[in-house]
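Trainee: Take this structure, written in structure tokens, and hold onto it; I'll ask about it next.
Just so it is clear, none of the values below were taken in a lab; they were calculated from the coordinates. Values in this document were obtained by computation on a predicted structure and should not be read as measured data. Every residue, glycine as well, gets a Cβ built from its backbone with ideal geometry; the counts of neighbours run over all protein chains shown.
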Amino acid sequence: DILAGYDPKDPATIAAVKEQAKRAYKLHFLKMNRVQEDFVRIKNRFGRMPRTRLFEGANQSGKTTLGVAEDLAHAMGFRPWLAKTDPDYKIKIKVPNVGMLGCEVAGQTLAQRIEPLFREFIAPHCEPDFSRYSDGSVKSLVLTYDHAGNKCGSTIHFRSYVQPAESYEGLLFDWMHWDEPPPRAILNAAQRGKMASNAPSWFTMTPLKEPYIYDLFSLNAY
């Protein structure tokens, strides 16, 4: 598909190939703004990435976009949009792994915003395998191959905050992404699964809901 319309005898057709490649490998061509770059490169006083990161911003600030990019990067073990020589290219995580993205409302948020972003960022050769809830919203995603074409096998689970807090208990994830602040009971239940693995987590949010976030995280952030 990328080479459709390409004629090696006609240099003018190269421009179309470039545009098709950018669409197919959008994650590879991701360009971060300043705030997104700070979020990806933040380090604690020991020079390591904090186990919990916050991306607080207004609407259209790119927080969900970067959050989804980080989801896929952790599933693959590297950030395709960075150079291989970049110190933040590799992620210290086992692959394959199991991650979770939590969001406010499954049918609306997942269908209208989250799933389209994943489909934009996943290259065709990764052969993603989606499963769905009864309402049609995405339930899980398995990456057959990573962005470099290597066997991957990581699984991403999608949960919503309308699901009961007790359904989050006993689930073991290697990483967690919260798109908008979860209710405190849900976070507490999910955090119990982190105790054994010390899994990294990140929040991408407009901090207008769940006041505990400010006291527990924002006041203690770098």
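Trainee: For the chain, what does the helix formula give at 222 nm: sum of -39500 (n - 2.57) over DSSP H segments with n ≥ 4, over the residue count, nearest 500 deg cm²/dmol?
Mentor: Here the helix-only value at 222 nm equals -7000 deg cm²/dmol.
Trainee: Put +1 on the Cβ of every Lys and Arg and -1 on every Asp and Glu Cβ in the range 1-147; which of 55, 27, 67 then has its Cα farthest towards the positive end of the dipole?
Mentor: 55
Trainee: Given R₀ = 45 Å, FRET efficiency for residue 51-residue 21 by Cβ-Cβ distance, to 0.05?
Mentor: Taking R0 as 45 Å, the efficiency between residue 51 and residue 21 is 0.80.
Trainee: Each residue of the range 193-202 in order: what ³J(HN,Hα) in whole Hz does its phi give by Karplus 6.51 cos²θ - 1.76 cosθ + 1.60, θ = phi - 60°, with x for Gly and Pro?
Mentor: x, 7, 4, 7, 9, 6, 5, x, 9, 9
Trainee: Given just the C-alpha atoms of the range 18-177, how large is their convex hull per residue in cubic angstrom?
Mentor: Values: hull volume 22.0 nm³, N = 160.
It is 138 Å³ per residue.
Trainee: A follow-up question, please. Which three extents, in angstrom, do the Cα atoms of the range 153-203 have along their principal axes, listed largest first?
Mentor: 28, 19, 18
Trainee: Let me ask you something else. Show me the ranking of peptides 55-66, 188-199 by mean Cβ neighbours inside 10 Å, starting with the highest.
Mentor: Working: 55-66: 16.9, 188-199: 15.0.
Top to bottom by mean Cβ count within 10 Å: 55-66, 188-199.
Trainee: Between residue 58 and residue 44, what is the spin-label point distance in nm, taking each point 7 Å from the Cα along the Cα→C-beta axis?
Mentor: Modelled inter-label distance: 3.2 nm.
Trainee: Hey, could you grab the Kirkwood Rh for the range 1-91? Inverse mean 1/r over distinct alpha carbon pairs, Å, one decimal.
Mentor: 15.3 Å
Trainee: Using Cα-Cα distances under 8 Å and only pairs 6 or more residues apart, what relative contact order does the chain have, in percent?
Mentor: Value for the chain: 22 percent.
Trainee: Using only alpha-carbon positions, what ratio does the radius of gyration of the range 82-145 give when scaled by 2.2 N^0.38 Å? Intermediate results must be reported in sequence, preceding the final value.
Mentor: Working: Rg = 14.0 Å, N = 64, 2.2 N^0.38 = 10.7 Å.
This ratio for the range 82-145 stands at 1.31.
Trainee: Of 63/84; 63/194; 43/209; 94/209; 31/194, which ones are farther than 29 Å apart at the Cα?
Mentor: Listed pairs above 29 Å: 94/209; 31/194.
Trainee: I've got another one for you. What length, rounded to one decimal in nm, is gained on full extension from residue 171 through to residue 86, with 0.36 nm per residue of separation minus their alpha-carbon distance? All intermediate terms of the calculation are to be shown ahead of the outcome.
Mentor: Numbers: separation 85, 0.36 × 85 = 30.60 nm, distance 3.30 nm.
So the chain would gain 27.3 nm between residue 171 and residue 86.
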